[in-house]
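Everything below concerns the one structure shown next.
The values are calculated or read from the model by the stated rules, or taken from the named source; none is laboratory data. Being a predicted model, the structure only gives us computed values, none of them experimental. When we count neighbours, we look across all protein chains shown, and the Cβ atoms used for this are built from the backbone with ideal geometry, even at glycine.
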Amino acid sequence: MRFQQVKDVIHYTSQLHEKLAVYYQCLSEQSDQQRMKMLLDYLSRHEKHLRDVFERYSSDVETSVRETWLQFVPSEKLVEALECGPIEQDMSVDDVIEQVITYDDALIDLYNEVINETSAPDVKQAFQNVLAMESQQMRQTVRNALMMNEI
């Protein structure tokens, strides 16, 4: 995976959130555990929301930033982490939450790599904004998932 422009990274992230939303929804429909079903439904809705956020963000970012070319190839470790591992039927809610955290950490690493690899101040600022938003969303997701687990 090689990103050409800033808009490619944002589009890639939006697509990842869409894939996760569909994945979690399919798993929810297959689950017979009420807590797991609640968690997966929540995660699916949350990922759809993030997809929408990134689509709006893409149009809100200045054209000059969006069209900036990147010389950036994510590390192999990062690419592997972004390939969502399967959630198995016998996984616990805690196991699913752990997998979600691993995935979110990989996205945060992706943004940090872009920030560290670019010299353009506007691009750095755009991805620092994305990083702050993704970090805040991760904390909210984990907090809400843990609260559901206690129900």
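Scanning the stretch 102-122 for residues that are surrounded by 16 or more Cβ atoms within 10 Å (Cβ to Cβ), among the hydroxyl-bearing types (Ser, Thr, Tyr) and part of a helix (DSSP H, G or I) turns up Tyr103, Tyr111. Here the stretch 13-30 is the region considered, the condition is being among the hydroxyl-bearing types (Ser, Thr, Tyr) and within 13 Å of Tyr42 (Cα to Cα), and the residue that is modelled with the lowest pLDDT is Tyr23. Of all the criteria given as (1) modelled with pLDDT under 90; (2) assigned to a helix (DSSP H, G or I); (3) of a type outside the set (A, V, I, L, M, F, W, C); (4) within 24 Å of Asn112 (Cα to Cα), the one not satisfied by His46 is (1).
Counting only residues that are aromatic (Phe, Trp, Tyr) and under 22 Å from Glu88 (Cβ atoms), the stretch 17-62 holds 3 of them.
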